[in-house]
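The values are calculated or read from the model by the stated rules, or taken from the named source; none is laboratory data. Computed from a predicted structure; not experimentally measured. Don't worry about glycine lacking a Cβ; one is built from the backbone with ideal geometry, like all the others, and counts go over all protein chains shown.
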Amino acid sequence: MKHNLINTFSIEDLIKEIDYNIEKSFTPTLAFVYLSVEYDIKYLVRKLEKYTFIIVGSTTVGEIYANDTLGVHIEEKSITCMLTNLDQLAFKIKLEETKNNLFLECGKKIGKWVSKSFSNSGLLTITSGLNFNNESYINGLQPNIECFFGAVAGDDRHFKGTYVFSNNKIVENGVLALAIDRDKIDIVTARGFGWSGIGTQRIVTKSNENLVYSIDDKPALDFYKDYLNIKIEDMPNMGADYPIEVLLKNGQIVYRAAIKINEDGSLLFAGHVPEGSKVRISAPIGQLVVDEVKMSIEESMIDKKDYTADLVLVFPCAAHKALLGSFSIDEIEAVYKTTNNSPLIGFYAYGEIASSGESNAFHNETFVTVQLREKK
Amino acid sequence: MKKKELKLKVRELEETLESLESKYLDLEKDKLTVYNLLYRVNEELDDALANKQTFIASMSHELRSPLTAVIGNSALLAQTGLNQQQARYLEQLNSSADFLMALLADLLDVSKLKESKIELYVQETHLDKLLLNCASIVESKIAKDVEFSVSIPSVPYYAFLDKKRVQQIFINILTNAAKFTKSGKIEFSLIEINQVKEKLEVIVEVKDTGPGIADEIKETLFEPFASTDVEEGTGLGLYISHELATLMGGEITVNSKEGEGTCFRVTFYCEKSALKMRNLTQNSTNKSMEKQKNYGHLSVLIVEDIIVNREFLKEMFKVFFSVEVDIAENGKIAVEKVRKNSYDIIFMDMSMPVLDGVEATKQIRTFSKEVPIVCMSANVYREDKHEAQMAGMNDFIEKPLEPKDIEGRLAQVTSVKPSGIFTNKENVLRQLALDHFKEHFDEATGLSFIEMAEKGLVKSIKAIEEYLPTQNMKGLRDSFHAIKGILANLGLGELAQKAGILQDYAKDKDFENIEKRIELFLSKVKEFFN
């Protein structure tokens, strides 16, 4: 597979670079375009109309890229693009705006479309919209697709609006879905954690999907107040740094960031927190988070000797960037090295998606790594 | 400025920038190190806690099981006609076993209180009777030279409270008074009951003329293992009592002077039942005795892994209730048995090998939704209770089982499934209510209460149906509150509890959850009129 990585700070420069690549190097079939929400996305999409390659586009909380020529980089407020010539017949794209908050329906629709796209389908999906219910969407996907991954678009932690886009279309409350033919493309996914539950375990005594009313029969907010003296204005940033660790009834652990405090003392989380589940507050594990992410990739490659991907996609949670600060680059370097220096592109996200059997596939605070390789 | 000076200035600025950057990096590094440290300490604490919890849980099970068998078999032995000497030995055996059980319960309570995992098990109670009962339990422990004055005026209504825990508080304090007072007087008085908003504030005092408490002990009196008596007692009683009173929204204060005596003042809160007690007759005891004999037709399954407990329960059902029970040694066998046979009620142990009670209940609920499953748990702790409820169990009995606990559950089953009096489901609620009233009143009074309650139900249902379309949350909340009270007074606890849940949802303005549950709830309540 051929690829070309472009990092610029203007739409014009991006177009120039793409044109230069097409003229001098190869004709791309698939492009990933990740950028800060500060750019004029409508203008960008108009400018990209002239190309025939499939575009996977999203707004971010920071752009990530790495290859042998450019080295390893994390950028803010930039436009990062990777052009590839992966087999064109192995991909199909669909953008779907979610109407009337029918997230589950949206998931079912995309799930059916993906499963019909190829006899053995996988899915890369990126969702947009601050009120988009990712968990319901994934619940809709799950019956139809076994292998899916992706992320939730970001907006530099402004929490005003996030977008996904492709050829000729922008969606601000919906999904981008890239169906992948798994008979042509080999997919290896890994999910690394980096937060750990602390303190006493308590029971969610009343909740409805993302909204938690009471924990141990006390208003949900008291739970956070006891530990952190949190205020309305501290959300959603503080909630992302100290999510709750949720022990689901099937024994799986997920982390859920609190994104909003309601006046009645209830809390809105970035994912579902089922009634009856056991929860405790959690905190990051410091620089050990880098080891965790590295280990997750190593584990995903245990039975794949001498595996080198054509392309690596990464979707770390924005909280990783906030936690590690200047040391964030260590994490990306570790991932780049563990994936045998394969070309890499990704972005810091508001949520991560990675299927793994029957368990819950929507996460906060994690680092999702996806390796793609053309089958020969 | 000359070029040279400018260069110097730039160099200086570059150096400052470098030093600031390095400071910033150090700060970030420090932050990560603190998180690392936090994580490591947390891991250590988690390990320690897991060990402690496993230890307490396993010790609880290991100690309680044989002790339950000792106490249970002693009760059976007492029924066999003993001579005086044997009866005396048995009494001593019982009192030692009771002490061990109490000590074990105290230790478990302390561990659970520290983790805020004790849940109050609130039920309709005669407050005055309960307090008088505490007095009579402790009376025998009071020295002959000590005057025991009990001043508990009759309370003309029921209160919703946790009988066991309230009793625990007063038995603890009265026992202490009895232990330390060698002469003079012990006064046990219900000082006052105040209506504070929707709750009752109850204030009770235990005053003695004992040696009093030294000032240095007073400060730590309510801490664990701070007993004033270093030779006897676990040193946990006052701590537990204080924590329980706090759990009930109240407190315990102490006023004591060395050489003069001590006064413990207990304040706690409970809810008042709207039903007033009138025409309270003495017949109720006789009636319940009569009922005890009519359970032979019931088909009961006991699921218990420990052989001595199993045998004891088998005997207890036989001796006290003339019931020949079926036995399952673990959850897996129980599931198979429930598939093949039809039972009126199942008594299920929580922790068992092969398949535990929770898992077994989950499996049973996939094919049998109706059969009542009563959890036999060593303690009604929040997480156990929650887990059992989520699995589909209907009720709890705390181990060791006593005949009166079992009788209560069997009575419920017979009132739902009696021998041929009520054949259709429509009359069940009415009959339950009537049985409830008949425990305290004659049938005519009971029927007149039902008639009154009916009017209230109709009014509340109508109000709820009016408020639903406009999502009037205040109206809904008030109506659910009203209907909850009526249902509780009718003795329909389960439905009252459901109304309470709906009331909470209305309070939280959570219409979605009300909408999910309301249809089923109203249809259940309306069964009362069929």
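Structure above, values below:
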{"quantity": "Hey, residue A:325 over 26 Å from residue B:46 (Cβ atoms) and within 10 Å of chain B (Cβ to nearest Cβ) or not", "calculated": "yes"}
{"quantity": "Among the residues listed as B:75, B:48, the single one being within 30 Å of residue A:198 (Cβ to Cβ) and part of a helix (DSSP H, G or I)", "calculated": "B:48"}
{"quantity": "Breaking point among (1) of a type in the set (A, V, I, L, M); (2) without any contact (Cβ under 8 Å) to a residue 24 or more places away in the chain; (3) assigned to a helix (DSSP H, G or I), for residue A:302", "calculated": "(3)"}
{"quantity": "Complete set of residues in the stretch A:246-290 that are more than 12 Å from chain B (Cβ to nearest Cβ) and in a loop (DSSP other than H, G, I, E, B)", "calculated": "A:248, A:250, A:251, A:252, A:257, A:270, A:271, A:272, A:273"}
{"quantity": "Answer from B:213, B:173 - the residue that is outside any strand (DSSP E or B), within 20 Å of residue B:269 (Cα to Cα), of a type in the set (Val, Ile, Thr) and touching a strand residue (DSSP E or B) at 6+ places or on another chain (Cβ under 7 Å)", "calculated": "B:173"}
{"quantity": "Residue identified as at pLDDT below 85, among the hydrophobic types (A, V, I, L, M, F, W, C) and in contact with an Asp or Glu (Cβ under 9 Å, 6 or more places away or on another chain) among B:75, B:102", "calculated": "B:75"}
{"quantity": "Unique match (being assigned to a strand (DSSP E or B), farther than 28 Å from residue B:473 by Cα, at pLDDT 85 or above and facing chain B (nearest Cβ under 9 Å)) among A:214, A:196", "calculated": "A:196"}
{"quantity": "Flag for residue B:402 being surrounded by fewer than 17 Cβ atoms within 10 Å (Cβ to Cβ) and either under 30 Å from residue B:165 (Cβ atoms) or within 14 Å of another protein chain (Cβ to nearest Cβ) (or both)", "calculated": "yes"}
{"quantity": "Residue that is nearest to the chain's Cα centre (by Cα) [pool: residues in the stretch A:200-209 that are modelled with pLDDT under 90 and either more than 8 Å from every other protein chain (Cβ to nearest Cβ) or in a strand (DSSP E or B) (or both)]", "calculated": "A:209"}
{"quantity": "Count of residues meeting criterion [within 14 Å of chain B (Cβ to nearest Cβ) and out of contact with any Asp or Glu (no Cβ under 7 Å at 6 or more places or on another chain)] in the stretch A:307-322", "calculated": "1"}
{"quantity": "Condition met for residue B:385 (within 14 Å of another protein chain (Cβ to nearest Cβ), at pLDDT 80 or above and in a helix (DSSP H, G or I))", "calculated": "no"}
{"quantity": "Exclusive hit being within 30 Å of residue B:26 (Cβ to Cβ), away from every other protein chain (no Cβ under 14 Å), surrounded by fewer than 17 Cβ atoms within 10 Å (Cβ to Cβ) and not aliphatic (A, V, I, L, M), set A:294, A:304, A:337", "calculated": "A:337"}
{"quantity": "Failed item in (1) at pLDDT below 90; (2) away from every other protein chain (no Cβ under 14 Å); (3) in contact with a helix residue (DSSP H, G or I) (Cβ under 8 Å, 6 or more places away or on another chain), with residue A:228 passing the rest", "calculated": "(2)"}
{"quantity": "The lone exception for residue B:83 - which of (1) more than 14 Å from chain A (Cβ to nearest Cβ); (2) surrounded by 10 or more Cβ atoms within 10 Å (Cβ to Cβ); (3) without any contact (Cβ under 8 Å) to a residue 24 or more places away in the chain it fails", "calculated": "(2)"}
{"quantity": "Filtered residue count, the stretch A:356-376, keeping only those that are more than 12 Å from the chain's Cα centre (by Cα) and surrounded by fewer than 24 Cβ atoms within 10 Å (Cβ to Cβ)", "calculated": "10"}
{"quantity": "Hey, residue B:28 more than 14 Å from chain A (Cβ to nearest Cβ) and of a type in the set (Asp, Glu) or not", "calculated": "no"}
{"quantity": "Failed condition for residue A:277, given (1) modelled with pLDDT under 90; (2) polar (S, T, N, Q); (3) in contact with a helix residue (DSSP H, G or I) (Cβ under 9 Å, 6 or more places away or on another chain)", "calculated": "(3)"}
{"quantity": "Meets criteria (within 14 Å of chain A (Cβ to nearest Cβ) and among the polar types (S, T, N, Q)) for residue B:33", "calculated": "yes"}
